[in-house]
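Each value in this text was obtained by applying a stated rule to the coordinates, not by laboratory testing. All of these numbers come straight from a predicted model, not from anything done at the bench. All Cβ positions, even for glycine, are placed from backbone atoms using ideal geometry, and neighbour counts span all protein chains on display.
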Number of protein chains: 2
Amino acid sequence: MTEPLTRRQLPEDPRLRAFLPMLYVAWADSELRPGEIRALCSRIQREAPDERCEDLLGHWLDPTAPPSAEELADLLYAVRNSAHGLEATERRDLSTLGAAMARRAGHEPSAEEMAALVDVERALGLAPEETSARLLASARPDPAPGPERTVVDVATLREELDRPHPEVRREVLAVLADPAFERPLEPERAAYREHVLDRCRALADLGWGAVSFPPEGGGSGDTGRFMAIFETLGHGNLSTLIKFGVQFGLFGGSILHLGTARHHRDLLPVVGTLELPGCFAMTETGHGSNVADLRTTATYEPESDEIVVHTPGPDARKDYIGNAACHGRMATVFAQLHVGGRHHGVHAVLVPIRNDAGQPLPGVSVEDDGPKMGLNGVDNGRLSFDGVRVPRGHLLDRFGTIDDQGHYRSPISSPSKRFFTMLGTLVGGRISVALAGNAAAKSALAIAVRYGEKRRQFGPEGEAEVRLLDYLSHQRRLLPRLAKTYALHAALRELATKYSRVEVDDDRRELETLAAGLKAIATWHATDTIQACREACGGQGYLAANRFSALKADTDIFTTFEGDNTVLLQLVAKGLLAGYRRQFHDMGTFDLVRWVVGRAASDLAEHNPFVTRRTDADHLRDRELHRRLLEWRQERLLHTLARRLKARLDRGLDTFEALSECQDHVLEAAQAFVERVVLEAYDRWTREAAEPVRALLVTVGDLHALTTLETRKGFFLEHGIFDPTKSRAIRTLVNQLCGELRPAAGGLVEAFGLEPAVLGAPIAAGTG
Amino acid sequence: MTEPLTRRQLPEDPRLRAFLPMLYVAWADSELRPGEIRALCSRIQREAPDERCEDLLGHWLDPTAPPSAEELADLLYAVRNSAHGLEATERRDLSTLGAAMARRAGHEPSAEEMAALVDVERALGLAPEETSARLLASARPDPAPGPERTVVDVATLREELDRPHPEVRREVLAVLADPAFERPLEPERAAYREHVLDRCRALADLGWGAVSFPPEGGGSGDTGRFMAIFETLGHGNLSTLIKFGVQFGLFGGSILHLGTARHHRDLLPVVGTLELPGCFAMTETGHGSNVADLRTTATYEPESDEIVVHTPGPDARKDYIGNAACHGRMATVFAQLHVGGRHHGVHAVLVPIRNDAGQPLPGVSVEDDGPKMGLNGVDNGRLSFDGVRVPRGHLLDRFGTIDDQGHYRSPISSPSKRFFTMLGTLVGGRISVALAGNAAAKSALAIAVRYGEKRRQFGPEGEAEVRLLDYLSHQRRLLPRLAKTYALHAALRELATKYSRVEVDDDRRELETLAAGLKAIATWHATDTIQACREACGGQGYLAANRFSALKADTDIFTTFEGDNTVLLQLVAKGLLAGYRRQFHDMGTFDLVRWVVGRAASDLAEHNPFVTRRTDADHLRDRELHRRLLEWRQERLLHTLARRLKARLDRGLDTFEALSECQDHVLEAAQAFVERVVLEAYDRWTREAAEPVRALLVTVGDLHALTTLETRKGFFLEHGIFDPTKSRAIRTLVNQLCGELRPAAGGLVEAFGLEPAVLGAPIAAGTG
């Protein structure tokens, strides 16, 4: 392609030397354009009007015969050699550098020569300092050694994060650091299931399975402690977590909450030790979210005093049931109860499914759900019942029993209230999943932030490469998610504490609304955060050794189980429409809508916190402003939703149709509620935080609040609450806050207390 | 808890009978509130003032002794029995129903009695028709049988989608339908790698590996056909796809694009048949995105006429290299070339790494990257070289060679231009990954839409449950993503066609910008869509049999490899700043910024398409409006970005710092560019689509365009382009369009031509 060229000599005339840097840059950075060549030619000719100049121009500035790559490389090395040892001020830009090189060769450039150099530099259209730096940088210097110093009082922050039950958290993390609790990287499914069962036995041996059971069940009735154990196990192998949850939280919980003294006494002791592995068989292939329409039947037969449990078709198989494929000996089966020809709705019945040898009992069919996206250490399966008979006493009969005369009796006459009361006892599972999801988000952030602090890529010319976390885009990826994780932490811990203190017969509706909303938002946040963290770690993040693989696959179902998130947000909206005044789940939305329309109209008029167009940081960082903005958003969305629903009901649509038509609005209102709740809970937490970390937590809260407002800017602009200036000011402030929190990022994740042993990650351990 | 109650008798007086439905509802739907009891009591007493009434009130309306669950059940069955056989008009609401029941028992209610019934119904605050329907519905009816009829001319649509190379696509899908090409559900890694190698051999045996090679390399030089094969393989096992891509696209492509005739003649024939499995060893542990700073060296040694390839430290190991852990015999190694004491930048050198027995050659160290999140059928590994010597001829020397005199020569003198020209030849890989990502999104959507059409959950009282896809929220999840997949389809196919026609020496800068931008947006879209589809399939989506597991895990790295998406978008923005007028990758942003500032200021004044506040559908569905809005957004973001950069450069920041400070803005501008490009490409495609499907494709385009505008409403509101009314009108229209496209959804995915055999999904096959 290129013909051999006669090797060009470099000009020796010291005056011409001054032009060498520009000559190189002109050819090397891009092809020379005619204008550039003209600029060089005319100036050089004016400065060096003799035969050497002719020579130079002929050989080096002929557009038809550009210098070869090798000649250019020679030129570059000549420039670098000449520049070697010059002061920084002499290397500042190409004209200064050229002058210094001429001077070194014995020629002091005149004022005219200097002007010519500057002119040429300008004509080449260069950014002078940068170009000079690039030209002279033969290799990037190594970055300054050593890790970053943290600016955070990590010990104090960790104390804040560990409350309540700090001792439980440390104990659990210590157990997880035992290599026996590591997640195998490439487990073979059958062996993996046994491994995970063994891990659950080990946890049961520590007494952790029974913690929430009453003393007669082998525990201490400490729900808060149980939840702290569960949440912290969320930093470990999630198959172990979920198997633990299935056995002790769901199966055990169903006996605890739906059973009566007899069940507690007989079963909880063997459930808590895992002597009796069991299943929580609610979901069917055809019905998951719509529990009320489950099709499995449980029919009381007076002649035999037995209950007949039956699966009427393949759609009614119990599906995705943990412990069903291998280990479960008994199942809590949710079925439509029929007594004396009357249907009493969904009730739970204990059905033995396997004998001690592990064989399915007569009438019980088991299918394996097979490999799953994740959680393959849990043996999910399908259960079908062909007229399986159990004694009457197997009905978990706290909310509905069959008396000795064969009559159905319940402390709750209203069938719908009874149904939702039974489901409501399971709210602890939702809170637990939300806590574990947030724990998983913390694990992911701990890995990604540490990687972002170490890994460097690109940088200014001639300088060390820049840490990923020093890039605004990287901060934008990780820090708002870290802030939201902190905010959810506060909201979820508060909710768990509330739940652990609630009395059995208290009104749990508000708690249920909160649990539904926070579960949806926290588990979506986990999915989103783990994904962002994986991408932030690039190829390293894709290696199984770095844990994102397991985190992603294992948590993916969190958004579905214990209530599909989209369905849960609709429950939240219905709860809000009821204003907590009436029954949470009840369908009498009609009446509630009228009430809300009345209330919202008056409320909205009362508080408009947005009289100011201030855009200064003090104003924009005012938590009271954030709170009122999010509250206004919630109320406004609720108000307009109620109005839209009412218009549809008035037109003759039924509640279902009206809600369906407004479903996007329903979901948005529910999200707005959760956003406000989270902000307020976080605010309460930071107010009580210890002095040494309070200011930091306030800044974290600022970032969270302002990112939330930024995400919702469309809404606030649409409603005239933000003007464009304010909206832009918020974006700018979010960028600033990212920079402000950058030095604290390492400390903020270090305070999660996750040793590399727990994260199991080469990245986190510093070998990536 | 409840004491046994004397079983209450149902009132026999026909006048009282009229109140039974309300009596049931009052107790059953929620606890009776005092106001409700008073309403019932006073009305009933007025209507039935005798001892039977006392009796009724005493037994049924005593707030201190509510009826038992069993009594309520009896009451319900009594009402249902009485209502049995009544006309629909007689069951309309509770008062009408009560009247009909009284009439049936022999009592014609008077006008006063009717008024009383209506009053009570109102006092109970009920939605009359709904409550009556709920009361009388003992079980949901089964849904009407049979699948949905499609409203789409699927055959024609498929023809449109299959262009160009329809025969290739059908051929590839036929191969993928062979069970031998199924992705094993639970592959053991070592065996899986061999399985995938075998599949690649089978594809090579079909001649597909060499399709893009010239005839002397065993192919037909048909890049377009090769890309069509690759894209369609994206519907199958993605490990096979990526191994295929590594061998023929990357390893083969490096020889094809960076090598010269000798390399083509000697190597391509054995590369295309997979006799010589090879690696593309560019990325290092410490440098992925920043290729220019790779640390591996290739030093020419004149004495031996050899090139010495060396890995200076663990950070310089070649990492994540496909085919490296097991099968590769040779690697294209990217290294800093040094000739005669001069550094000439990154070049590619062919290095044999294993002997025929599969043992690493002396000086070559191999580590296995171990298990990964996905793509475990591909043997990624790390390669290190300890002064490994190869003959001079192993330099892939199209853009830089060492002549017989040991001098470096290149047809491109400028080192930076040479570097980006070399990288630019690899743009085909980016386009291919984007195509495969969109293919994966299509697979996911095909599964989720089919599931959404079949699966039912919840529904109006007493009616069949509703198909998931009939819910607005479900439509909102799937249909805009389906529309975007169609839009990306058009843009990517156009780009691939352009690429396949481009001549070797054409200016590829615009193509490179497009490829970088579309790769980023398409692969993020794939990740997002697969996630949304998994969630839309609930628990079914989590089972490995339904493919989301593999789709998610295998495509996750698409956002990272062939260029990290965030880095790519920054390249796009730089390309835009240059306005394609100057070298794409060149750092001389300074000059360009000045140019853009000038241009953007004048351009913006010229077109303001937003003089109208119209919010009617004709206006909002006008494609020219969409185009101008997205173009305005792009120009505006570019203009303000340029202004911000200039302000920083004027303040003395260097280009790197200035770009870093504006990085969020940089990314937004790049996204805006891609959004406009995609819309325009889709518009061109639909204009030329066959008549029977054009209107449908226009509606799909409307949904895509309006969803894009909705997503960006914050921007348009901030800039006063939308007023709140318009913004709201767009939301409403998006909802409407979802409903409009709902009946076509099945046809839109059926036209992808993916048989259940290819999807390998029980859901898709109809057994879920």
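With the label 7 angstrom out along Cα to Cβ, how close does B:THR150 come to the same site in each of the other copies, in nm, nearest first?
Ordered by increasing distance: 5.8 nm.
Where the label is 7 Å out from Cα toward Cβ, how close does B:ALA174 come to the same position in every other copy, in nm, shortest first?
6.7
Determine by what factor the alpha-carbon radius of gyration of region A:428-765 differs from 2.2 N^0.38 Å, reporting the quotient. Don't jump to the answer; show the numbers that get you there.
Working: Rg = 21.1 Å, N = 338, 2.2 N^0.38 = 20.1 Å.
Against the compact-globule rule of thumb, the ratio is 1.05.
Measuring from a point 7 Å out along Cα→Cβ, what nm distances, shortest first, does B:ALA690 have to its partners in the other copies?
Spelled out, the distances from B:ALA690's label point are 7.3 nm.
Between A:LYS372 and residues 5 or more places away or on another chain, which pairs have amide H atoms under 5 Å apart, with H built 1.01 Å from N, and which residues are they?
Amide H neighbours of A:LYS372, under 5 Å, 5+ apart: B:ALA544.
May I ask you to derive the FRET efficiency for A:ARG628 and B:SER42 from their Cβ-Cβ distance with R0 = 56 Å, giving the value to the nearest 0.05?
Step by step, r from the Cβ atoms, then E = 0.80.
Angle, helix A:94-104 long axis vs. longest principal axis of chain A, Cα atoms, 0 to 90°, nearest 10?
40
Please list log₁₀ I(q)/I(0) at q = 0.07, 0.08, 0.09 Å⁻¹ for the protein assembly as shown, using the Debye equation with identical point scatterers on the alpha-carbon positions.
The computed values of log10 I(q)/I(0) come out as -0.85, -1.09, -1.35.
What is region B:428-765's relative contact order, in percent, from Cα pairs under 8 angstrom and six or more apart in sequence?
In percent, rounded to a whole number, it is 26.
From the convex hull of the Cα coordinates of region B:277-424, what is the mean projected area in square nanometres?
Convex hull of Cα atoms, orientation-averaged projection: 9.0 nm².
When all alpha-carbon pairs of chain B are counted, what percent fall beyond 45 Å?
The answer is 41 percent, as a whole percent.
Apply the a/c threshold of 1.5 to the C-alpha gyration tensor of region A:90-200 and tell me whether it is rounded, prolate or oblate.
It comes out prolate by the Cα gyration axes.
Given charges of +1 on the Cβ of Lys and Arg and -1 on the Cβ of Asp and Glu, with all other atoms neutral, how large is the dipole of the protein assembly as shown about its Cα centre, in debye to the nearest 20?
With only Lys, Arg, Asp and Glu charged at Cβ, the dipole is about 1600 debye.
Only helical DSSP H runs with n ≥ 4 go in: add -39500 (n - 2.57) per run for chain A, normalise by residue count and round the 222 nm mean residue ellipticity to 500 deg cm²/dmol.
Values: 33 runs with 424 residues, N = 768.
Result for chain A: -17500 deg cm²/dmol, rounded to the nearest 500.
What residues qualify as long-range amide H neighbours of A:GLU284, i.e. H under 5 Å apart, gap of 5 or more or another chain, H built at 1.01 Å from N?
Distant-sequence amide H within range of A:GLU284: A:ASP319.
What's the magnitude of the charge dipole for region B:428-765 around its Cα centre, counting Lys and Arg as +1 and Asp and Glu as -1 at the beta-carbon? Answer in Debye, nearest 20.
In debye, rounded to 20, region B:428-765 gives about 380.
For the charge dipole of chain A, defined by +1 on Lys and Arg C-beta atoms and -1 on Asp and Glu C-beta atoms about the Cα centroid, which residue among A:PRO360, A:ALA672, A:HIS257 has the Cα displaced farthest towards the positive pole?
Towards the positive end, the residue furthest out is A:HIS257.
How many angstrom lie between the Cα centre of region B:392-445 and the Cα centre of region B:690-748?
40
May I ask you to derive the relative contact order of chain A, considering only C-alpha pairs under 8 Å and at least 6 residues apart, and to give it as an integer percent?
12
Compute the acute angle (0 to 90°) between the alpha-carbon long axis of helix A:472-501 and the principal axis of greatest extent of the alpha-carbon atoms of chain A; round to the nearest 10°.
Once rounded, the angle reads 20 degrees.
Hey, if you put +1 on the Cβ of every Lys and Arg and -1 on every Asp and Glu Cβ in chain B, which of B:THR89, B:THR311, B:HIS525 ends up farthest toward the positive end of that dipole?
After comparing all options, I get B:THR311.
Using the Karplus curve 6.51 cos²θ - 1.76 cosθ + 1.60 with θ = phi - 60°, work out ³J(HN,Hα) for each residue of region B:656-664 in order, rounded to whole Hz, and write x for Gly and Pro.
Calculated HN-Hα couplings, in order: 4, 5, 4, 5, 4, 5, 10, 4, 5 Hz.
For a bin width of 5 Å, list the pair-distance distribution of region B:212-352 built from all Cα-Cα distances, rounded to whole %.
Spelled out bin by bin, region B:212-352 gives 2, 10, 17, 20, 19, 15, 10, 4, 1, 0, 0 percent.
What is the angle, in °, between the Cα long axis of helix B:565-577 and the longest principal axis of the Cα atoms in chain B? Nearest 10 is fine, range 0 to 90.
Result, in degrees: 70.
Starting from the Cα gyration tensor of region B:374-425, multiply each eigenvalue by 5, take the square root, and state the resulting semi-axes largest first in whole Å.
29, 19, 9
For region A:644-768, list log₁₀ I(q)/I(0) at each q in 0.10 Å⁻¹, using the Debye formula over Cα point scatterers of equal strength and ignoring solvent, two decimals each.
For region A:644-768 at q = 0.10 Å⁻¹, log10 I(q)/I(0) is -0.55.
Percent antiparallel among DSSP beta bridges with both residues in the protein assembly as shown, to the nearest 5?
Bridges in the protein assembly as shown are about 80 percent antiparallel.
Within the P(r) computed for region A:234-294, what percentage of the Cα pairs occupies the region above 16 Å?
53
At 7 Å along Cα-to-Cβ for each site, give me the label-to-label distance between A:THR64 and B:ARG201 in nm.
5.8
What relative contact order, as a whole-number percentage, does region A:94-228 give when Cα pairs under 8 Å and 6 or more residues apart are counted?
13
Taking the Cβ of B:ALA316 as the center, what net charge do the other residues with Cβ under 10 Å away carry, scoring Lys and Arg +1 and Asp and Glu -1?
0
Mark the label point 7 Å from the Cα of A:GLU503 along Cα→Cβ and return the residues of region A:387-426 whose backbone N is within less than 17 Å of it.
Taking a point 7 Å out along Cα→Cβ of A:GLU503, no residue of region A:387-426 has its backbone N under 17 Å.
Can you compute the modelled spin-label distance between B:GLU303 and A:ALA105, with each label point 7 Å from Cα toward Cβ, in nm?
3.5
In whole Hz, what ³J(HN,Hα) sequence does region A:305-321 give by Karplus (6.51, -1.76, 1.60; θ = phi - 60°), x for Gly and Pro?
Once θ is set to phi - 60°, the couplings for region A:305-321 become 6, 10, 10, 9, 9, 9, 9, x, x, x, 5, 9, 4, 6, 10, 6, 7 Hz.
Got a sec? Charge dipole of the protein assembly as shown, +1 on Cβ for Lys and Arg, -1 for Asp and Glu; which of B:GLN9, A:ALA695, B:LEU197 is way out at the positive end?
It is A:ALA695.
Can you put B:ASP153, A:ASP319 in order of Cβ neighbours within 10 angstrom, beginning with the fewest?
By the 10 Å Cβ count, ascending: B:ASP153, A:ASP319.
State, in angstrom, two size descriptors of region A:340-392 derived from its alpha carbons: Rg to one decimal place and Dmax to the nearest whole number.
14.6, 44
Order of A:HIS327, B:HIS107 from fewest to most other C-beta atoms within 10 Å?
B:HIS107, A:HIS327
With +1 assigned to the C-beta of every Lys and Arg and -1 to the C-beta of every Asp and Glu, and no other charges, what is the dipole magnitude of chain A about the Cα centre in debye, to the nearest 20? Working shown, then result.
Values: 93 positive and 108 negative charges, 382 e Å.
So the magnitude is around 1840 debye.
Taking H placed 1.01 Å from N in the peptide plane, check which residues at least 5 places from A:ASP397 or on another chain put their amide H under 5 Å from its amide H.
A:THR260
Using the basic label-point model (7 angstrom from Cα toward the beta carbon), what is the A:THR150 to A:LEU185 distance in nanometres?
Label at A:THR150, label at A:LEU185, 2.8 nm between them.
In whole Å, how far is the Cα centre of region B:312-340 from that of region B:344-377?
Each part's Cα centre sits 7 Å from the other's.
Using r as the Cβ-Cβ distance of B:ASP528 and A:GLU710, and R0 as 22 Å, what FRET efficiency do you calculate, to the nearest 0.05?
Values: r = 20 Å, r/R0 = 0.90.
E between B:ASP528 and A:GLU710, to the nearest 0.05, is 0.65.
What list do you get for A:HIS84, A:HIS263 if you sort them by fewest beta carbons within 10 Å?
The most exposed by this proxy come first: A:HIS84, A:HIS263.
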